[in-house]
């Protein structure tokens, strides 16, 4: 799927948290309804079969409970997408990335082939549909997540190119698939943030470390031989750039991918490099944008939400801009696009007891117009407002309410944007307030069962607050759009 990812190391965040966040986007021409749920061990079968690729995988018999953001409408598999397990390990999967013909010719993707002409079907590899479900319930650290998924990729292969983030309270790892069976991974340095916009991202790699000490890098065991045999190293100085070796440099990248990375880097590191003008170090068309940088200030959840909602505000490329060069408006693919399905930001707070350390910030639909709310991850169920997404449109669903707000606010942008800004501020402020309030209650409660009840009470209070604010905003943008109807007339009967 078309997505955007940001990773924040613990020394780059405002409170020492590790943070991973991703927009999950549908492909062009459709939306995918999503919900937030808790999946229990009893719901996890050890005999797993992928709906799309038909690959069958025998899973361990000791899964953990985990949260997930699966598809709300059955038919194409689980697509668990993002979540946190009982061991406080977070995961988001996947960021669809790119490759090149040399890689795909050397290690072809493992594609499903149906039975035909008397020949039996051939199962495909694993993909985005499967990855969270077959990995997250069985890992106890971010590093262990890389190792488990790496072994599955080597055994079963994959039918698509993907980037995957793993997180615990100490580390974040970023993993990218290479062809059908190969992969590399890098530990995100603690003092940086990293951005990913549907391209192969890693721009440096230490193969000596990956194949020996594995302190900051990991990879499939035969990666060196694979590179040498297929002449994938394009460097002139002996320092392989993984992006050059394994990724793409298509013209379409310059309107779809690199502009998103440029805007996010420009936001967090505005003075570190020159981003605008004829003497810019980097532009929206640059193929050598850094994968990670040290931010100029510590990063908050609100910062992450802002860049994952961006539509190039403050630049000529903003599709909502009313002045400047109109030919530049909307020429680049926005981060906060109409077909965002959800955003999940997983925050692991080091100064909070493990039992309620992890907060998941969740938003649905187009990020340019939605609001994110925080929920404790260590719970046995999620509130109905997040979990009850159905095929039928309903204001009782956070997903559908967010989808309606976005469509109406977009169509009445100049009149509605201040309602959206107030909505986002209210939800985020009250969300922080509720987490602060319940953190204090949880710290003062000695009974484990009562603490469990408090976490679910906190999430329900957040859901109730969110529904009230969302319903209020829906009414306001509905009024603004209704006032612009073409059959409006100024004369009144009174």
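No value in this document is a laboratory result; all are computed from the given coordinates. Computed from a predicted model, the values in this text were never measured in an experiment. Cβ: placed from backbone, ideal geometry, glycine included. Neighbour counts: every protein chain shown.
The figures follow:
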{"read-out": "FRET efficiency for residue 48 and residue 280, using Cβ-Cβ distance with R0 set to 60 Å, rounded to 0.05", "value": "0.80"}
{"read-out": "Cα gyration tensor, the stretch 393-494 - rounded (a/c under 1.5), prolate or oblate", "value": "prolate"}
{"read-out": "Two-decimal Rg to Rh for the stretch 1-122 - Kirkwood Rh, Cα set", "value": "1.02"}
{"read-out": "Burial ordering of 243, 113, 65, fewest other beta-carbon atoms within 10 Å first", "value": "113, 65, 243"}
{"read-out": "Cα-based shape type of the stretch 332-476, given that a ≥ b ≥ c are square roots of the gyration tensor eigenvalues and the cut on a/c is 1.5", "value": "prolate"}
{"read-out": "Normalised per residue, the volume of the convex hull around the Cα set of the stretch 201-288 (Å³)", "value": "136"}
{"read-out": "Cα coordinate range in the stretch 3-368, projected on the principal axes (Å, largest first)", "value": "60, 49, 45"}
{"read-out": "Prolate/oblate/rounded call for the stretch 368-450, Cα gyration tensor, a/c under 1.5 rounded", "value": "oblate"}
{"read-out": "Taking N as its residue count, the alpha carbon Rg of the stretch 234-336 over 2.2 N^0.38 Å", "value": "1.16"}
{"read-out": "Length-normalised contact order for the stretch 95-193 - Cα pairs under 8 Å, 6+ apart - percent", "value": "30"}
{"read-out": "Sorted by Cβ neighbour density within 10 Å, fewest at the top, the residues 400, 173", "value": "400, 173"}
{"read-out": "Relative contact order computed over the stretch 393-494 (Cα-Cα under 8 Å; 6+ residues apart), in percent", "value": "45"}
{"read-out": "Residue 86/residue 320 FRET efficiency (R0 51 Å; Cβ-Cβ; nearest 0.05)", "value": "0.75"}
{"read-out": "The chain - percent relative contact order, Cα under 8 Å, separation 6 or more", "value": "15"}
{"read-out": "Cα convex hull volume per residue for the stretch 59-100 (Å³)", "value": "134"}
{"read-out": "Inter-label distance, nm, simple model (7 Å from Cα along the C-beta direction), residue 488/residue 140", "value": "6.3"}
{"read-out": "Label-point gap, in nm, between residue 381 and residue 190 - each point 7 angstrom along Cα→Cβ", "value": "4.1"}
{"read-out": "Helical mean residue ellipticity (222 nm; -39500 (n - 2.57) per DSSP H run of 4+; nearest 500) of the chain", "value": "-9500 deg cm²/dmol"}
{"read-out": "Likely footprinting exposure, 59, 109, fewest C-beta neighbours within 10 Å first", "value": "59, 109"}
